[in-house]
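Read the figures in this text as sums done on the coordinates, not as results from a lab. Keep in mind that this is a model prediction, so the values were computed, not measured. We place every Cβ from the backbone using ideal geometry, glycine too, and count neighbours over all the protein chains shown.
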Amino acid sequence: MSKKLNRRRFLQTSAALGGAAMTKQTVAAHAEHPVSATIGGRFSTPALIPAKKGPRVVVVGGGWSGLTMAKYLKKNNPKFDVVLLDKNEQFVSCPISNVWMADQVNLDFLTHSYVEAAHNNDYLFLNTTALELDRTSKTLITTLGSIKYDYLVLAPGIDYDYSRIGVDDPEDEYALRMHYPAGFSNHSEIMSIKHKLQRFEGGTFLLTVPAGNYRCMAAPYERACMAAAIFKRNNIRGKILLLDMNADVRIKADGFKHAFSEYYADIIQYEPNAAIEAVDARRREISTDFDSYTFDDAAIYPPVRAASIIEHFGLSDPKSPQKEAHIDPFKYHLMDDEFVYVTGDSRSQPFSKSGNTANSEARYVAEVISAHAEGKEIEWRSPQTMCFSGVR
């Protein structure tokens, strides 16, 4: 990928690492409601934020879906009082991060200000975490206090499901999270993997491809190519072991297989049909249904599920193996609540869990909500997906 990517054009379609919402921030203003809310026995005073100036739409999660949602809600209906919540203080993009690992773009290309985005698009940003939800009173409890909403959009992204690779013990799971992070949830994980590759002195570096509908279908294969490019550039004596839980490369198979054989035949060892059954972080050993492999370092990407906040709020579809939200597949609101919507990677539809999909989807759902507020409906349209991958 060229270092001369147009930053402004990228920002037009941006929005990032899936994330729900956390931390402390002082926002001087007026309490939006004089009455405190009690949820689940917890007492919460109203958040000290500006009084709402129109129908309030609260968006939880400032990733590719949430950022796009906040922008287009305000654009479609300037009367909306839009509040975006995210636990992170700044946006760092997961898409494009693989080529950043290989030093093909700078970190500031991936990193942007939530405050500037809110200022430029005329909405409010709060650096906070959503804790509880009372749909009866339309109240969201956060670390800053309670917030009343007219519409609520949840775009919290993903969580990992380590149990699907035979890791059920929390100690074992967090040993993997700390020592061999997946690198598809937050920028700390991605930074850790880049440092691993920079410091790797040789041997076997393990990467995995999960089963199911995981975040960014092409990314594990792209990451293998970028890691191999680093090996080549730094003359690292070793190999990339890519264990794929699927029968074949899931997307752009011809292109990735060509890269594996043409550019990295002596570096990438690709193993499909590798159904992972156990991982021993201490022994650095991973077991599949057919074989066991040892490794010197790794970035282990397990299957994914909807962000745990969806289950915590009682919004999961009981039929969804990935605990995704129980929503109307065309309008995105909860099946039993037309004022709460779920978008992005926690949705239940089988669309790609990718940044571009989340971006185009959020534009549509922003129109759905705007129309609903006016007592109207719009025609359904499918989200679009476009994906570019670096291989060298």
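Counting only residues at least eight positions apart within a chain, or on another chain, the aspartates and glutamates with an alpha carbon under 15 Å from that of Lys87 are Glu132, Asp159. Along its first, second and third principal axes, ordered by size, the range 75-221 spans 58, 37, 26 Å in Cα coordinates. Residue-wise HN-Hα couplings along the range 301-316, as the Karplus relation 6.51 cos²θ - 1.76 cosθ + 1.60 with θ = phi - 60° gives them from phi, are 9, x, x, 10, 9, 4, 3, 4, 4, 5, 5, 4, 7, x, 10, 6 Hz; Gly and Pro carry x. Ordering 344-354, 253-263, 238-248 by mean Cβ neighbour count within 10 Å, with the highest value first, yields 344-354, 238-248, 253-263. Kirkwood hydrodynamic radius of the range 162-302 from all distinct Cα pairs, in Å? Every distinct Cα pair counted, the radius reaches 15.1 Å. Take every Cα pair under 8 Å whose residues are at least 6 apart in sequence, average their separation, divide by the length of the chain, and the relative contact order is 19 percent. For the listed peptides 141-151, 316-326, a ranking on the average number of other beta carbons within 10 Å per residue, highest first, reads 141-151, 316-326.
Taking θ as phi - 60° and the Karplus parameters 6.51, -1.76 and 1.60, the scalar couplings of the range 194-208 work out to 4, 5, 4, 5, 5, 9, 5, 9, x, x, 10, 9, 8, 10, 10 Hz in sequence order, x denoting glycine and proline. Normalising the Debye intensity of the chain to I(0), with uniform scatterers on Cα atoms only, and taking log10 at q = 0.09, 0.13 Å⁻¹ returns -0.54, -1.05. Using C-alpha pairs under 8 Å with a sequence gap of at least 6, the mean separation divided by the residue count of the range 162-302 gives a relative contact order of 34 percent.
Candidate cross-link partners of Lys319 among the lysines, defined by an alpha-carbon separation under 22 Å and a same-chain spacing of 8 or more, comprise Lys331, Lys353. Scanning residues 5 or more positions from Val82 or on other chains, those with amide H under 5 Å from its amide H are Val57, Leu124, with H placed 1.01 Å from N in the peptide plane.
Only the Cβ atoms of Lys and Arg (+1) and of Asp and Glu (-1) were treated as charged; on that basis the dipole of the chain about its Cα centre amounts to roughly 1460 debye. Taken along the Cα-to-beta-carbon direction at a fixed 7 Å, the label points for Ala278 and Asp103 span 4.1 nm.
If I fit a long axis through the Cα atoms of helix 170-179 and take the longest principal axis of the Cα atoms of the chain, what angle between them do I get, 0 to 90°, rounded to 10? That helix lies at roughly 70 degrees to the long axis.
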